[in-house]
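Q: Structure provided below as structure tokens; questions to follow.
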Amino acid sequence: FYFLHGFDAEEDLVGSLVRMSTKERIKAIQKMPETMRKKREIRNKVLKEISKKSSHRGAQPSCCTQCLQGVAVSFRRFGNTLSEYFHQLRIWHKTLKIIGAEFGTSVLSYFVFLKWLLNFNIFSFLINFSFITIPQFLAAEPNNLSFTGLELFTGAGYFQQTVLYYGSYTNATISKMENGPSYNMQLAYIFTVGIYFVICFLILLFSMAKFFSRNFINPQTFSVNASKLLCTWDFNITNEKAVKLKQKNLHTQIKEDLTEVNKEVLNFSVTERVLRIAIHLIAWVASLGIGVAACTGVYFLSINNLELFMKGQRNDLESQTAMLVLPVIVSLLNTIIPFFFSWLGHLEKFQTPGQHIYVTITRNIILKMSIVGILCYYWLNIVATSESQCWETLVGQDIYRLVLIDFIFCLLGSFFGEFLRRIIGTTVLLSLGLPEFDIGRNVLDLIYAQTLTWIGILFSPLLPGIQMIAFFIVFFVKKVSLMRNCQPPRKVWRTAQMMTSFILLLFCPSFLGVLSVIGVTVWRLKPSEECGPFRGLPSMYAAVAEWIQTLESYTASKWVVWIYHNLITSELFFFILSSFVLIVTYLYWQIIQGRKTMTKLLRKQITN
């Protein structure tokens, strides 16, 4: 009876599988709680049943059906081949693997962040070039200035009348045909920049969420046991170089995990604690004092720079060189002072490398963002109210010079900070040894450069393209310098949350500070009367208000006017939206807390 019952059940199962589609059938067989041998038997019975039914119907597929099936299979194979090639062509994928294997995840996090910023700037450049620069080419006037080559460093002269700067863009509606479509340059300029910053906000937000969710509960943290050795190896690897690279990577991971497990908690006496606190306080006072002095110097130097520029915009060598004084001094401060901060960190003798890096990053971010804040005050309150014919172009030139000189000093920092340090440590003072890669200083260089690029987008739309080239070169220079001059960290440690911290610093204070600068420029400052797409308007935002007034006379555009008046300009709407976001954030935070508690309980059960 049981035999017949089981036989009937299997027949019913085969019959139900026959009626399914191919994908459903495969999934159903995979989910069965049976052995692989039993699953194969069931699959073979199903295929036999399908072939019997097709032979009974005499259902040989038609020529058209066979052709379509052949084309579908060919496309599927072509797609799989393409995906494999794209996986192999992922930018610097192999380089990142080598860096991770040789130097660990702490150094790798810097290069992952640099690659992420490079992709970010490629996206920025494509948006600005497509919607702002290409239309301007259609209405561009001939440039009468001569090119001397010095403009590559100063950004002035010939470049002043090119699409590199705000002042050369027209305020007219571009139309190549009399009755053809037109392109409103004012709206294109402000909407492109505005939508770009909205997209940046969302990308940063989702990137932080993605890295946080990936690193918040890291299963590798709790796998420091035999499973790391027995279950990690990829047996598909057959290439000898790939095998050695995988071995190094696994070796570094195990060392990092063991460092976390064997982390010593040092017990200091009362005297030692007081001494350590005193050293930390002295280090913080010294770092803050140097930061205040640097900001004061930058402020007075920027005032002098404007007076020098307003005396006369000559194109001789002396005036062109004078333009480089401010960016050179700023870059010099941003290069030398972080080395002093790193030296202070070594004197403080932190218990873990992570503490040293995070304190160094905090000091550097205070220094660099304070200098950027002083420069923004100078641009928005002094340059914008000066008697210049086109103050936006002046600001764009200043930012161009800052970006370029900062890039040059970044390369020089690799030479003097790592190459010469290696020469000294291996030939003169052997006790120093090879230098370690300074993650905190290098990460803050990237955040500072990206902050300048964001501020400069409004005044120099093609600045992301320049920064894109700079980041591309920096990646290769830093990679070569790392491989040739640096040694792996003496204290190996795992950095699961470091990428999340980098993007958080990029978001706040960098991106939020840039939004406030752009907001003041668009809503409060009066554009120049003789240049740029917003000439003659009381503010850049006035172009949007005038466009809305024009749309009010068209019945088909009433919905745009309603959205503008009831949503975009409504304080109540943004209050409700902010309240909703806060409520959702609180709910998600409570969910995370619940999951943390559940994870702890599960870990206890696994231990038991």
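Q: Restricting the first residue to segment 274-297 and requiring it to be in the same structural domain as Gln355 (by the TED database) and open to solvent by 50 Å² or more (accessible area, probe 1.4 Å), which pairs with a second residue that is of a type in the set (Phe, Trp, Tyr) and not in a helix (DSSP H, G or I) meet a Cβ separation below 8 Å and a spacing of at least six or different chains?
A: Partner pairs satisfying both residue conditions: Arg276/Phe268.
Q: Would you mention how many residues in segment 121-177 are in a helix (DSSP H, G or I), aromatic (Phe, Trp, Tyr) and under 15 Å from Ala188 (Cβ atoms)?
A: 4
Q: Consider Gln355 against the criteria (1) surrounded by fewer than 17 Cβ atoms within 10 Å (Cβ to Cβ); (2) of a type outside the set (Phe, Trp, Tyr); (3) touching a residue at least 12 places away in the same chain (Cβ under 8 Å): it satisfies all of them except one. Which criterion is unmet?
A: The single condition Gln355 does not satisfy is (3).
Q: With respect to Phe573, determine if the residue is assigned by the TED database to the domain that holds Asn171, touching a Leu at 6+ places or on another chain (Cβ under 9 Å), of a type in the set (Phe, Trp, Tyr) and not in a loop (DSSP other than H, G, I, E, B).
A: No; evaluated as a whole, the condition is false for this residue.
Q: Take segment 149-169 and flag every residue that is of a type in the set (S, T, N, Q) and free of Cβ contacts under 8 Å to residues at least 24 places away in the same chain.
A: Gln161, Thr162
Q: Within segment 490-505, is there a residue that is closer than 23 Å to Ile127 by Cα, open to solvent by less than 30 Å² (accessible area, probe 1.4 Å) and among the aromatic types (Phe, Trp, Tyr)?
A: no
Q: Mind telling me which of the residues Val198, Val243 ends up being surrounded by fewer than 11 Cβ atoms within 10 Å (Cβ to Cβ), at pLDDT 70 or above and in a helix (DSSP H, G or I)? Step through it out loud before you land on a result.
A: Numbers: Val243 fails: surrounded by fewer than 11 Cβ atoms within 10 Å (Cβ to Cβ).
The unique qualifying residue is Val198.
Q: Could you check, for segment 117-138, whether at least one of its residues is within 30 Å of Lys255 (Cβ to Cβ), assigned by the TED database to the domain that holds Val328, open to solvent by less than 10 Å² (accessible area, probe 1.4 Å) and not basic (Lys, Arg)?
A: The answer is yes; a qualifying residue exists.
Q: Evaluate segment 366-384: report whether one residue or more is within 30 Å of Ser106 (Cβ to Cβ), in contact (Cβ under 8 Å) with a residue 24 or more places away in the chain, in contact with a Phe, Trp or Tyr (Cβ under 9 Å, 6 or more places away or on another chain) and of a type in the set (Val, Ile, Thr). Reasoning before the result, please.
A: Let us first name the residues in segment 366-384 that are within 30 Å of Ser106 (Cβ to Cβ), namely 366-373.
So of that shortlist, the ones also in contact (Cβ under 8 Å) with a residue 24 or more places away in the chain come out as 366-373.
If we keep only those that are in contact with a Phe, Trp or Tyr (Cβ under 9 Å, 6 or more places away or on another chain) as well, we get 367-369, 371-372.
Cutting the leftovers down to of a type in the set (Val, Ile, Thr) gives us 371-372.
Looking for residues that are within 30 Å of Ser106 (Cβ to Cβ), in contact (Cβ under 8 Å) with a residue 24 or more places away in the chain, in contact with a Phe, Trp or Tyr (Cβ under 9 Å, 6 or more places away or on another chain) and of a type in the set (Val, Ile, Thr), one finds at least one in segment 366-384, hence yes.
Q: Would you pick out the residues in segment 333-350 that are part of a helix (DSSP H, G or I) and open to solvent by less than 70 Å² (accessible area, probe 1.4 Å)? So that I can check it myself, show each step before the final result.
A: Taking segment 333-350 as the starting set, the residues that turn out to be part of a helix (DSSP H, G or I) are 333-348.
Listed by number, the residues that qualify are Leu333, Asn334, Thr335, Ile337, Pro338, Phe340, Phe341, Ser342, Leu344, Gly345, Glu348.
Q: Next question, about the same structure. How do the pairs read when you match residues in segment 318-335 that are assigned by the TED database to the domain that holds Leu306 and under 16 Å from Gly396 (Cβ atoms) with residues anywhere that are open to solvent by 10 Å² or more (accessible area, probe 1.4 Å) and at pLDDT below 90, using Cβ under 8 Å and keeping only pairs 6 or more apart or on different chains?
A: From residues that are assigned by the TED database to the domain that holds Leu306 and under 16 Å from Gly396 (Cβ atoms), the pairs are Met323/Asn305; Met323/Phe309; Leu324/Phe153; Leu326/Leu301; Leu326/Asn305.
Q: Of everything in segment 546-569, what is surrounded by 14 or more Cβ atoms within 10 Å (Cβ to Cβ) and either under 21 Å from Thr521 (Cα atoms) or in the same structural domain as Thr170 (by the TED database) (or both)? Give them in sequence order.
A: Trp547, Ile548, Tyr564
Q: Shifting gears a bit: Taking the conditions exactly as written (exposed (fewer than 15 other Cβ atoms within 10 Å of the Cβ) and in the same structural domain as Ile122 (by the TED database)), does Ile473 satisfy them or not?
A: For Ile473, the condition - exposed (fewer than 15 other Cβ atoms within 10 Å of the Cβ) and in the same structural domain as Ile122 (by the TED database) - is met.
Q: Identify, from the list Val107, Val193, the residue that is in a helix (DSSP H, G or I), open to solvent by less than 10 Å² (accessible area, probe 1.4 Å), within 20 Å of Val395 (Cα to Cα) and not polar (S, T, N, Q).
A: Answer to the selection: Val193.
The values are calculated or read from the model by the stated rules, or taken from the named source; none is laboratory data. The shown structure was predicted, so the numbers you read here are calculated from the model rather than taken from an experiment. Glycine also receives a Cβ, built like all others from the backbone with ideal geometry; neighbour counts cover every protein chain displayed. Keep in mind that these areas ignore ligands, DNA and RNA; they rest on the heavy atoms of the full protein, side chains included. Shrake-Rupley method; radii C 1.70, N 1.55, O 1.52, S 1.80 Å.
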